[in-house]
């Protein structure tokens, strides 16, 4: 049994930071972030309206999650493929997650503030193997694996959150993964279901 934990989904975290800093897509039901990022000097570029940036963000958000549906760990990118796939408006490729910055650049993003928030998301210490959440919830993890689960994506959401993105992918909040009973419950989340 192999289960991958993606505890640093940089493309998704970049989008969450931009949404928070620029106050985009406020109509979407996305949980509060924990910790909430500081925007620094981040502001939406004047090249487009806030409505346009929100629409672009929603498209990028959907592409980020669509990518998990096509992801194939066996595909290894070459440098040529990397250059081709980091051009704006490229089709999704299993080896390369879509990044906001590849599509829209870095204008309006305070890179230092984003980096500071990403450092806050890093675990302060590594747990011994037997204390890792997956070991503590092994029976539930085995049951989830038997349904096809291959990857768990952790998100910096506050409180309980679980969403089965596909047969192979489950998204959970860091708080959910850190709590044994919450994580056990999350591992049983059915396909295309979101629970808070």
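Every number here is computed from the coordinates shown, using simple stated rules; none is lab data. Note that this is a predicted model, so its numbers are computed, not measured. Glycine also receives a Cβ, built like all others from the backbone with ideal geometry; neighbour counts cover every protein chain displayed.
A few remarks follow.
- Degrees separating the helix 50-70 axis from the principal Cα axis of the chain, which is the longest one: 40 degrees
- Cα-projected label distance for residue 191 with residue 23, points at 7 Å along beta-carbon direction, nm: 4.1 nm
- Most simply put, the chain has about 45% antiparallel DSSP beta bridges, counting only bridges with both residues inside it.
- Gyration tensor verdict on region 130-195 (Cα atoms; rounded if a/c is under 1.5, prolate if a/b is larger than b/c, oblate otherwise): oblate
- Among 191, 155, a tally of other beta-carbon atoms within 10 Å of each Cβ gives an order, fewest to most, of 191, 155.
- Based on Cα contacts under 8 Å between residues 6+ apart, region 113-170 shows a relative contact order of 28 percent.
- Protection proxy ranking, peptides 45-58, 14-27, average beta carbon neighbours within 10 Å, highest first: 14-27, 45-58
- Net length gained if the chain between residue 7 and residue 38 were fully extended (0.36 nm per residue, minus Cα distance): 9.1 nm
- Value at 222 nm in deg cm²/dmol, rounded to 500, when DSSP H runs of n ≥ 4 in the chain each add -39,500 (n - 2.57): -12000 deg cm²/dmol
- Overall form of the chain per C-alpha gyration tensor (a/c, 1.5; a/b vs b/c): prolate
- Full extension of the chain between residue 118 and residue 52 yields a length gain of 21.2 nm, computed as 0.36 nm times the residue separation minus the alpha carbon distance.
- Between 161, 129, 99, the GNM of the chain built on Cα springs shorter than 10 angstrom shows 129 fluctuating the most.
- Sequence-separation-based contact order of the chain, relative, with Cα cut under 8 Å and 6+ spacing, percent: 26 percent
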